[in-house]
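The values are calculated or read from the model by the stated rules, or taken from the named source; none is laboratory data. Not measured: the values here are computed from a predicted model. Cβ atoms come from the backbone with ideal geometry, glycine included; neighbour counts cover every protein chain shown.
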Amino acid sequence: MSEIVRAALVQSRWTGDKSSMIEANVALARTAAADGAQVLCFQELFYGPYFCQVQDAGYFSYTEAVPGGETFGLMSDLARETGMVLVVPVYEREQPGVYYNTAFVLDADGTYLGKYRKTHIPQVRGFWEKFYFRPGNLGYPVFQTAVGPIGVYICYDRHFPEGWRALGLAGARIVFNPSATSRGLSRYLWELEQPAAAVANEYFVGAINRVGVEPLGDDDFYGSSYFVDPRGRLVGEAAPDGEDAVVVRDLDMAVLAEVRDTWAFYRDRNPQAYAPLVAP
């Protein structure tokens, strides 16, 4: 018997200030809820511009506590109002001067389930993230939600297969990858990496990207958010390239068992042979 999870992704362009950005994303989330979505993920650092295109300490002001910050409270209310599980990527302040690129997870009744901190932090032109974030230190949690076990892997993380596998071993059925990825650098990878991860780890992946050219950079974020199934196939079409959008798709969890019965990747792993891969 199929078990359908109706899942949603939100992609949006920078509105010009934090308050209106939150307002725009909440409106898009309510649109998803009206379409029956049960779980939703926003884009990376959803309430700000992608400020990592420059190195400016002024953007430290975008940090918030998790749990307990203003956005945390607002999203808890939104989860209760809509009955959706929410994955909310923010700029987290653990203490003054200690900041993380984080996504927190709220259950469908607004209960706080925990957070994931981005593990792999880039430092290349236009992605000066080491200026803003410490590497994550919470491992690869899988959150037990009203729609089942879900995981989060943030943007640059997707280039590293180890975290994808850790989430699968911990039982994730859906992994969300909120991102801010620009056309000139990574467009060709966008259509390859998440489908490959979904196949290798035998779960669904929701890939989210921002939209538009932002005032801090000259390359555009190209949207094209999508869901991909464990066979590497898109679930419906990807979102448009250049406009705000809500992607709502039905994910059939029965496919997970079918794929794992066909391709026994977890059975056939050989961990004792992998020690050299993690040697210092």
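Which residue, of 192, 216, is at pLDDT below 95 and surrounded by fewer than 17 Cβ atoms within 10 Å (Cβ to Cβ)? Don't jump to the end; show me each part of the working.
On the way: 192 fails: at pLDDT below 95.
Going through 192, 216 in turn, just one is at pLDDT below 95 and surrounded by fewer than 17 Cβ atoms within 10 Å (Cβ to Cβ): 216.
So, of the residues in the stretch 259-280 that are charged (D, E, K, R) and over 14 Å from residue 198 (Cβ atoms), which turns out to be surrounded by the most Cβ atoms within 10 Å (Cβ to Cβ)? Give the steps one after another, and end with the answer.
Step one: list which residues in the stretch 259-280 are charged (D, E, K, R), which gives 260-261, 267-269.
If we keep only those that are over 14 Å from residue 198 (Cβ atoms) as well, we get 261, 267-269.
Working: 261: 8, 267: 7, 268: 7, 269: 12.
It comes out as 269.
Check whether at least one residue in the stretch 235-244 is outside any loop (DSSP other than H, G, I, E, B) and modelled with pLDDT of 95 or more, and report yes or no.
The initial filter retains those residues of the stretch 235-244 that are outside any loop (DSSP other than H, G, I, E, B), namely none.
The answer is no, given that none of the residues of the stretch 235-244 is outside any loop (DSSP other than H, G, I, E, B) and modelled with pLDDT of 95 or more.
With (1) on the phi < 0 side of the Ramachandran plot; (2) free of Cβ contacts under 8 Å to residues at least 40 places away in the same chain as the list, and residue 114 as the residue in question, which single condition is left unmet?
Unmet condition: (1).
List every residue pair whose Cβ atoms lie under 7 Å apart, where the two residues are 6 or more positions apart in sequence or sit on different chains, the first residue falls within the stretch 46-67 and is farther than 17 Å from residue 178 by Cβ, and the second residue, located anywhere, is not in a loop (DSSP other than H, G, I, E, B) and not aromatic (Phe, Trp, Tyr).
Listed by first residue and then by second, the contacts come to 63/92; 63/93; 65/93.
Which of the residues spanning the stretch 195-213 are aliphatic (A, V, I, L, M) and surrounded by 20 or more Cβ atoms within 10 Å (Cβ to Cβ)? Walk me through how you get there before you give the answer.
Applying the first criterion (aliphatic (A, V, I, L, M)) to the stretch 195-213 yields 196-200, 205, 207-208, 211, 213.
Within the stretch 195-213, 197, 198, 205, 207, 208, 211 meet the criteria.
Out of all the residues in the stretch 234-255, is one or more within 16 Å of residue 172 (Cβ to Cβ), surrounded by fewer than 21 Cβ atoms within 10 Å (Cβ to Cβ) and not acidic (Asp, Glu)?
For the stretch 234-255, residues within 16 Å of residue 172 (Cβ to Cβ), surrounded by fewer than 21 Cβ atoms within 10 Å (Cβ to Cβ) and not acidic (Asp, Glu): present.
Answer with yes or no whether residue 46 is modelled with pLDDT of 95 or more, buried (at least 20 other Cβ atoms within 10 Å of the Cβ), on the phi < 0 side of the Ramachandran plot and over 17 Å from the mean Cα position of the chain (by Cα). It would help to see each step written out before you state the result.
On the way: modelled with pLDDT of 95 or more: yes; buried (at least 20 other Cβ atoms within 10 Å of the Cβ): yes; on the phi < 0 side of the Ramachandran plot: yes; over 17 Å from the mean Cα position of the chain (by Cα): no.
Criteria not met by residue 46.
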